[in-house]
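Below you'll find the structure, written out as structure tokens, and then a few comments.
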Amino acid sequence: MAETNNRKEPQKKSIRGFAAMDQEKQREIARKGGRAAHEQGVAHEWSSQEAREAGKKGGQARGRQTQSNRDETSQP
């Protein structure tokens, strides 16, 4: 009898739906959703304090990423 291999080969995931669209089409759909949310009054409105905190958090994350990239490239 032939020996069967019970291990499954990794399947490539097919990109479907929103992920399969080109970036411009995704942006167009997202833009429409954002406008609709504002028209319905359910969109999040950022206060200046919230925006400041979000920007600070993003800057800190970016700084860590840049630092780790420098560390990797400077190793002998």
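Brief remarks on what is shown
- Residue-wise HN-Hα coupling along the stretch 45-62, computed from phi with Karplus coefficients 6.51, -1.76, 1.60 (Hz; x: Gly, Pro): 10, 6, 7, 5, 5, 4, 5, 4, 5, 5, x, 5, 4, x, x, 5, 5, 5
- Percent of Cα pairs exceeding the 14 Å cut-off, where the set is the stretch 17-73: 73 percent
No lab work stands behind these numbers, since they all come straight from the coordinates. Remember, predicted model here, so these are calculated numbers, not experimental data.
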